[in-house]
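Input: a single structure, listed below in structure tokens.
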Amino acid sequence: VAYGLDLAVINIPLGAAELATEPLFDEDRIVLAPYDHPLAQRDSLTLADLAEHELLLEPQGTAFRDVLDDQAARVGVTMRPQAEIDGIRLLTSLAFEGFGAAVVPATAALPWFDTSCRRVPVDGLAPRSVGIVVPRRGRLSAPARAVRTAIRDLVAATDQDGVRVTLGSSLTRQ
């Protein structure tokens, strides 16, 4: 952890004793599939359905992929990567451009993607939790407090499918 950290928006929980977290939202992990992909024809999917196809995935060792692999292992299946792409935005862009179906968080699959891809929910897949982290010791600077307030306001105003606001009223220790 960098000692110069004022605040960050990250996946939570985070096992760092020197940081405190504030939940912001939970978001579904979904499949973003080009309309000509077989997964785009489904109204919902299971992990077993996903295991039958090669997918655009985050690399192993990333938090997003590790949760996906852990949950797949619990139901006895293994995800098969068509490609492993480091970075959710690039992964989403490749699906949008028609290179394959990708497992992404709901916030990555913006509504205008409907022009070339279909958002398909995955039953039984745990959501991703996102929150603000700040150093546990010390006081946030005025600019950092202003940024935190702006982030809270932005999240509170969201109405995106697959996103559930969980704004915390206080910071908690990890």
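The values are calculated or read from the model by the stated rules, or taken from the named source; none is laboratory data. Since the model is a prediction, treat every value here as computed from it, not as a measurement. Every residue, glycine among them, receives a Cβ derived from its backbone with ideal geometry; neighbour counts consider all protein chains shown. Side chains included, ligands, DNA and RNA excluded: accessible areas come from the protein's heavy atoms. Shrake-Rupley method; radii C 1.70, N 1.55, O 1.52, S 1.80 Å.
Residue-wise test of (1) modelled with pLDDT of 95 or more; (2) touching a helix residue (DSSP H, G or I) at 6+ places or on another chain (Cβ under 7 Å); (3) assigned to a loop (DSSP other than H, G, I, E, B).
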{"position": "Val1", "(1), (2), (3)": "no, no, yes"}
{"position": "Asn11", "(1), (2), (3)": "no, yes, no"}
{"position": "Gly15", "(1), (2), (3)": "no, no, yes"}
{"position": "Leu24", "(1), (2), (3)": "yes, yes, no"}
{"position": "Gly61", "(1), (2), (3)": "no, no, yes"}
{"position": "Val67", "(1), (2), (3)": "no, no, no"}
{"position": "Gln71", "(1), (2), (3)": "yes, yes, no"}
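Which residue, of Glu27, Glu58, Glu84, is open to solvent by less than 30 Å² (accessible area, probe 1.4 Å) and touching a Pro at 6+ places or on another chain (Cβ under 6 Å)?
Glu27
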| Extreme residue, most open to solvent (accessible area, probe 1.4 Å), among residues of region 92-125 that are among the hydrophobic types (A, V, I, L, M, F, W, C), touching a strand residue (DSSP E or B) at 6+ places or on another chain (Cβ under 9 Å) and part of a loop (DSSP other than H, G, I, E, B) | Phe99
| Hits in region 31-46 (condition: open to solvent by less than 10 Å² (accessible area, probe 1.4 Å) and touching a helix residue (DSSP H, G or I) at 6+ places or on another chain (Cβ under 9 Å)) | Val31, Leu32, Ala33, Pro34, Leu39, Leu45
| query | Given Arg89, Arg164, which one is under 26 Å from Leu68 (Cβ atoms) and not in a helix (DSSP H, G or I)? | reply | Arg164
